[in-house]
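Just below is one structure, and these are the notes that go with it.
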Amino acid sequence: MGIEVVTKSRLACFGACQRLHRLRYQLGVRPLVDGETQAWGNLMHAGLEAWWGTYMGDEPLLRVGALTNALTAMDVARAKFPVDDAGMAKAQVMMTAYDARWAPSMPAWEVLGVEVEFVATIPGRRRLRVAGKLDVLVRKRIDGTVWFVEHKTTGADLSLGSTYWQRLRMDPQVSIYHGGCRALGHEPAGCLYDVIDRPGQKMLKATPEADRKYTKATKTEPSRLYKNQRETDETVEEFQERLAELVTTEPELYFARAEVIRLESELEESAKDVEAIALQIRDSATAEHAPRNPGACHLYGRTCEFLSVCDGTASIEDDTKFRRAENPHEELTLTTI
């Protein structure tokens, strides 16, 4: 029996739907084109990688060019993660606002690495590995403690006390990456959870002529459309300007960070969860059937990319919709296993 590799994404996938897990990780099937939400998140991740990478090294503490590097990286990444003009405008606004929000705090951190891979053995299970990639590895200058940064884009409520933050108490990813830091030779103080809102605003369309309403003309004011109506579609530049004003006015609604700490008892409990699911994943490889879970067809604001396969309206052999991945963990090189 070969070595079974699990990641936080694979664990979550198996937990959501065993049919989805078989398609993605045992058969290596991938959609030919990423969904809009995933593509936008990947685009932002490319910008964040370049932004943090600019701060690598000991000096100077304040780097120039981080935003330029991030926007350039996003332009390049758009060829791989296609988004429409509105999506690109959103990404550029959010990256610019991210720089304004967090660049002043960067002197407090020394960036040790960006996109740092790790592989850890599950204790007592020599044929099972947990692998992953730390978005950023940093050291807090004031006390020398090491932290790992996890970037997230979401459309969820980021306010204090929301369920988004409550779930972090049991989030297995934080615990897994804690172990990943240890495998890399660092004893982490915790995780800097770095969250960016995915704005829901859309470009405004012209009001249909049949629905247009006009004010009455006066001696000093000509007749005009009601304030909430438009004669023309909003341009990309207008949309970008409107979104930038919203984000800069209330940045706390769009950007949030939290220091997430794990007690040793919590790490041990999470390790048991990971081991149990990893064993189920290993055993599922020989199962004759992988059951579908209709409750997972619509999760996190998006539709499963394999819904058409599961409902029988499409085939995984259709190369106009799907492709085969050589490595089921495409986000990793896994050269150290």
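The values are calculated or read from the model by the stated rules, or taken from the named source; none is laboratory data. From a predicted model like this one, the values you see are computed outputs, not experimental measurements. Methodologically, a virtual Cβ is constructed for each residue, glycine included, from the backbone with ideal geometry; neighbour enumeration extends over all protein chains shown.
Would you point out the residue of region 274-285, among those that are modelled with pLDDT of 90 or more and either in contact with a helix residue (DSSP H, G or I) (Cβ under 6 Å, 6 or more places away or on another chain) or outside any helix (DSSP H, G or I) (or both), that is surrounded by the most Cβ atoms within 10 Å (Cβ to Cβ)? Among them, the one singled out is I281. Where residues in region 203-213 are under 39 Å from the mean Cα position of the chain (by Cα) and exposed (fewer than 12 other Cβ atoms within 10 Å of the Cβ), which of them is modelled with the highest pLDDT? So, considering only residues that are under 39 Å from the mean Cα position of the chain (by Cα) and exposed (fewer than 12 other Cβ atoms within 10 Å of the Cβ), the one modelled with the highest pLDDT is K205. When F239 is tested against (1) loosely packed, with under 12 Cβ neighbours inside 10 Å; (2) over 30 Å from V146 (Cα atoms); (3) within 24 Å of the chain's Cα centre (by Cα), exactly one condition is not met: (1). Looking across E209, E150, one residue alone is over 22 Å from E330 (Cα atoms) and either in contact with a Gly (Cβ under 8 Å, 6 or more places away or on another chain) or free of Cβ contacts under 8 Å to residues at least 60 places away in the same chain (or both). It is E209.
When A73, A16 are checked against the criterion of being at pLDDT 90 or above, at negative phi, crowded, with 20+ Cβ neighbours inside 10 Å and under 19 Å from the mean Cα position of the chain (by Cα), A73 stands alone in meeting it. Here R292, R302 are screened, and the one residue that is charged (D, E, K, R), under 19 Å from S9 (Cα atoms) and modelled with pLDDT of 90 or more is R292.
The residues of region 243-260 that are in contact (Cβ under 8 Å) with a residue 24 or more places away in the chain and either crowded, with 16+ Cβ neighbours inside 10 Å or not charged (D, E, K, R) (or both), listed by number, are L243, A244, L246, V247, T248, P251, L253, Y254, F255, A256, A258, V260. Applying the criterion of being over 21 Å from the mean Cα position of the chain (by Cα) and surrounded by 12 or more Cβ atoms within 10 Å (Cβ to Cβ) to the residues of region 288-309, the residue that is nearest to V29 (Cα to Cα) is V309.
Counting residues in region 76-87 that are hydrophobic (A, V, I, L, M, F, W, C), closer than 25 Å to R292 by Cα, over 18 Å from the mean Cα position of the chain (by Cα) and surrounded by 14 or more Cβ atoms within 10 Å (Cβ to Cβ) gives zero. The residues of region 158-190 that are within 19 Å of Y98 (Cβ to Cβ) and in contact with a helix residue (DSSP H, G or I) (Cβ under 9 Å, 6 or more places away or on another chain), listed by number, are L158, S159. Within region 35-55, the presence of at least one residue that is of a type outside the set (V, I, T), farther than 22 Å from K80 by Cβ and modelled with pLDDT of 90 or more is confirmed.
Filter region 261-273 for residues that are part of a helix (DSSP H, G or I) and touching a residue at least 12 places away in the same chain (Cβ under 8 Å); which is farthest from G190 (Cα to Cα)? The extreme case among them is D273. Restricting A108, A100, A131 to residues that are under 16 Å from L184 (Cα atoms) and either small (G, A, S) or out of contact with any strand residue (DSSP E or B) (no Cβ under 8 Å at 6 or more places or on another chain) (or both) narrows the list to A131. If you go through region 122-147 and keep only what is touching a residue at least 24 places away in the same chain (Cβ under 8 Å), more than 20 Å from W52 (Cβ to Cβ) and assigned to a strand (DSSP E or B), you end up with I122, R125, R127, L128, R129, V130, A131. Just one of the listed residues (Q173, Q166) is in a helix (DSSP H, G or I), out of contact with any Ser or Thr (no Cβ under 7 Å at 6 or more places or on another chain) and free of Cβ contacts under 8 Å to residues at least 60 places away in the same chain, namely Q166.
The number of residues in region 214-232 that are touching a Leu at 6+ places or on another chain (Cβ under 7 Å) and either modelled with pLDDT under 75 or assigned to a loop (DSSP other than H, G, I, E, B) (or both) comes to 2.
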